[in-house]
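A quick write-up on the structure given underneath.
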Amino acid sequence: MSRINRRDSLNLLSKLTVARVWNGVKVLSSYYISKWTKKPVQWGYPVSISFEPTTSCNLRCPECPSGLRAFTRPTGMLQKDFFRETIDQLHRELLYLVFYFQGEPYLNPDFLDMVKYAASKRIYTATSTNAHYLNEENARRTVESGLDRLIISIDGTTQEVYQQYRVGGQLSKVLEGARNIVKWKKALNSTKPFVVFQFLVVKPNEHQIEEVKKLGRETGVDDVWLKTAQVYDYEKDPNQLIPENGKYSRYRKTESGYAFKGKLANHCWRLWHDPVITWDGLVAPCCFDKDAQHRLGDLKKKPFKEIWKNGEYSKFREQILKGRKNIDICSNCSEGTRVWES
């Protein structure tokens, strides 16, 4: 199995239009000019956006703000009308839409209606779920919504191992949900969504890597991806999550504990093409700002295109170009430390 799938890639390419290609050229050009000159230049609008359906979650994962109920910002649900207004502003340039930031998307009762609306604008749509709500009805509606990619978190091949990270979860529900999706894809003669088992490699489950690949084949999903885990207090690793196999870790052992492997170059592609919008309309720089502490705008007060090119965004891009080591959310960034093979 490989990270790049031909059918999924062709589906993504089918969403391209002249306007989206030209927007991508402008965004990429401005990024490289900024990188070379060390001065923030921004042409075009986002190629990709992450939209947060909700901050709520049914599980209690130990390295997740939703699971820990640790947000300082308000919790709530993305409203359908607000979502549509924002998409109406951006769909001409927007190619890729991730329905995920924090929380479990299927807890939002309007989630699949919003997917369907984005799909009607020919935007590539993706989401990530713990799959506990993929019952028969939701599985059918998911396939009918036009969702392009469905990432299912499966961090263990036995209940004993799975529950060590997915606290409060049931592996049987995950497998049932995945099978429901596979079944409805066949029943509706649909190639979408592209279904992925995503395996977050941590110390309790690293011995099950080959087993999860086998489980993926048996279940009928399209691919299995391995992902390195973000550990907040990685120097001490209090939850004992950092795997022994360094290939699957963002961290390396030191005499006193662990250190981050990543090299924080003073540029970041995310800041030029891929913002995050929280359920209540806050614009955050990227998915590593999980509590939306770096608020670059508020869609309740200004339209997105005005925020995208305003002073706060420009200042943050300038900070990135001067020194990422001084920005807290960059200190644990996985760029350059991901596991691509599966």
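Suppose every Lys and Arg Cβ carries +1 and every Asp and Glu Cβ carries -1, with no other charges. What dipole size does the chain come out with about its Cα centre, to the nearest 20 debye? Mind showing how you got there, number by number?
Details: 54 positive and 39 negative charges, 240 e Å.
It works out to roughly 1160 debye.
List the chymotrypsin sites (Phe, Trp or Tyr not before Pro) in the stretch 93-144 that DSSP assigns to loop (not H, G, I, E or B) and whose Cβ has at most 14 other Cβ atoms within 10 Å. Which are they? Intermediate values should be presented prior to the final figure.
Values: sites: Tyr96, Phe99, Tyr100, Phe101, Tyr106, Phe111, Tyr117, Tyr124, Tyr133; in loops: Tyr100, Phe101, Tyr133.
Of the chymotrypsin sites (Phe, Trp or Tyr not before Pro), not one in the loops of the stretch 93-144 has a Cβ with at most 14 other Cβ atoms within 10 Å.
Which entries in the list Lys121/Lys213; Lys26/Lys185; Lys116/Lys302 go over 28 Å, if you measure between the two C-alpha atoms of each? Don't skip to the end; give the middle numbers.
Working: Lys121/Lys213 34 Å; Lys26/Lys185 37 Å; Lys116/Lys302 26 Å.
Among Lys121/Lys213; Lys26/Lys185; Lys116/Lys302, the Cα-Cα distance tops 28 Å for Lys121/Lys213; Lys26/Lys185.
How do Lys302, Lys26 rank by accessible surface area computed with a 1.4 Å probe, from largest to smallest?
Values: Lys302 90, Lys26 65 Å².
The ordering from most to least exposed comes out as Lys302, Lys26.
Rounded to the nearest 500, what is the chain's calculated 222 nm mean residue ellipticity when only DSSP H runs of at least 4 contribute -39500 (n - 2.57) each, over all residues?
On the way: 12 runs with 119 residues, N = 342.
Only helices count here, giving -10000 deg cm²/dmol.
Given R₀ = 22 Å, FRET efficiency for Tyr232-Glu318 by Cβ-Cβ distance, to 0.05?
Numbers: r = 27 Å, r/R0 = 1.22.
Efficiency for this residue pair is about 0.25.
Taking the Cα atoms of the stretch 16-118, what is the range of coordinates along each of the three principal axes, in descending order and whole Å?
Here the spans come out as 44, 32, 19 Å, largest first.
Stokes-Einstein D for the stretch 114-222 at 4 °C, 1.567 mPa s, Kirkwood Rh over Cα pairs, in µm²/s? Present the calculation step by step, with values, prior to reporting the outcome.
Numbers: Rh = 14.2 Å.
Value of D from the Cα-based Kirkwood radius: 91 µm²/s.
Tell me the carbon and sulfur percent of the accessible area for the chain, rounded to whole percent, probe radius 1.4 Å.
On the way: 7820 of 15410 Å².
Carbon and sulfur together cover 51 percent of it.
Once fully extended, how much extra length lies between Glu176 and Trp269, figured as 0.36 nm per residue of separation less the alpha-carbon to alpha-carbon distance? Write out the running numbers ahead of the final one.
On the way: separation 93, 0.36 × 93 = 33.48 nm, distance 3.74 nm.
Extra length from Glu176 to Trp269 when fully extended: 29.7 nm.
What longest region of the chain stays clear of GluC sites (Glu not before Pro) that DSSP places outside H, G, I, E and B and that have at most 11 other Cβ atoms within 10 Å?
Numbers: sites that count: Glu244, Glu255, Glu341.
In short, 1-243.
How big is the C-alpha Rg of the stretch 138-184 next to the rule-of-thumb value 2.2 N^0.38 Å, as a ratio?
Values: Rg = 12.1 Å, N = 47, 2.2 N^0.38 = 9.5 Å.
Rg over 2.2 N^0.38 Å, computed on Cα atoms: 1.27.
As an exercise, use a Förster radius of 22 Å and the Cβ-Cβ distance of Lys116 and Leu13 to find the FRET efficiency, rounded to the nearest 0.05.
Details: r = 22 Å, r/R0 = 0.98.
Result of the calculation: an efficiency of 0.55.
Which of the cysteines in the chain are isolated, no other cysteine C-beta under 4.7 Å?
Cys57, Cys268, Cys286, Cys287, Cys330, Cys333
What is the diffusion coefficient of the stretch 152-210 in µm²/s, taking the Kirkwood radius over Cα pairs and the Stokes-Einstein relation at 20 °C with a viscosity of 1.002 mPa s?
Details: Rh = 12.4 Å.
The estimated diffusion coefficient comes to 173 µm²/s.
Just by accessible area at a 1.4 angstrom probe, what is the order of Trp36, Trp308, Trp279, Trp269 from largest to smallest? If you can, show how the numbers build up before the last one.
Details: Trp36 185, Trp308 0, Trp279 50, Trp269 90 Å².
Ranking Trp36, Trp308, Trp279, Trp269 by accessible area, largest first, yields Trp36, Trp269, Trp279, Trp308.
How much length is gained on full extension from Glu306 to Glu218, taking 0.36 nm per residue of separation minus their Cα-Cα distance? Please report the intermediate quantities before stating the final value.
Working: separation 88, 0.36 × 88 = 31.68 nm, distance 4.86 nm.
That works out to 26.8 nm of additional length.
If R0 is 30 Å, what FRET efficiency do you get for Leu28 and Asp328 from their C-beta distance, rounded to 0.05? Don't skip to the end; give the middle numbers.
Values: r = 27 Å, r/R0 = 0.90.
Computed FRET efficiency for Leu28 and Asp328 comes out at 0.65.
Within the stretch 262-336, which trypsin sites (Lys or Arg not before Pro) sit in a loop by DSSP and count at most 10 neighbouring Cβ atoms inside 10 Å?
Values: sites: Lys263, Arg270, Lys290, Arg295, Lys300, Lys301, Lys305, Lys309, Lys315, Arg317, Lys322, Arg324, Lys325; in loops: Lys263, Lys290, Arg295, Lys300, Lys301, Lys309.
The qualifying sites are Lys263, Lys300, Lys301.
Give me the accessible area per residue for the chain, probe 1.4 Å, as a whole number in Å². Before the final figure, lay out the partial values.
Working: 15410 Å² over 342 residues.
Value returned for the chain: 45 Å² of accessible area per residue.
I want to verify the translational diffusion coefficient of the chain in µm²/s; compute it with Stokes-Einstein, Rh as the Kirkwood radius over Cα pairs, at 10 °C and 1.306 mPa s. List each step's numbers first, then the result.
Values: Rh = 20.8 Å.
Once the numbers are plugged in, D ends up at 76 µm²/s.
The values are calculated or read from the model by the stated rules, or taken from the named source; none is laboratory data. None of the values given here were measured: they were computed from a predicted structure. Positions of Cβ are generated from backbone atoms using ideal geometry, with glycine treated the same way; all protein chains shown enter the neighbour counts. In case anyone asks, the SASA skips ligands and DNA or RNA and just uses the protein heavy atoms, side chains included. Shrake-Rupley method; radii C 1.70, N 1.55, O 1.52, S 1.80 Å.
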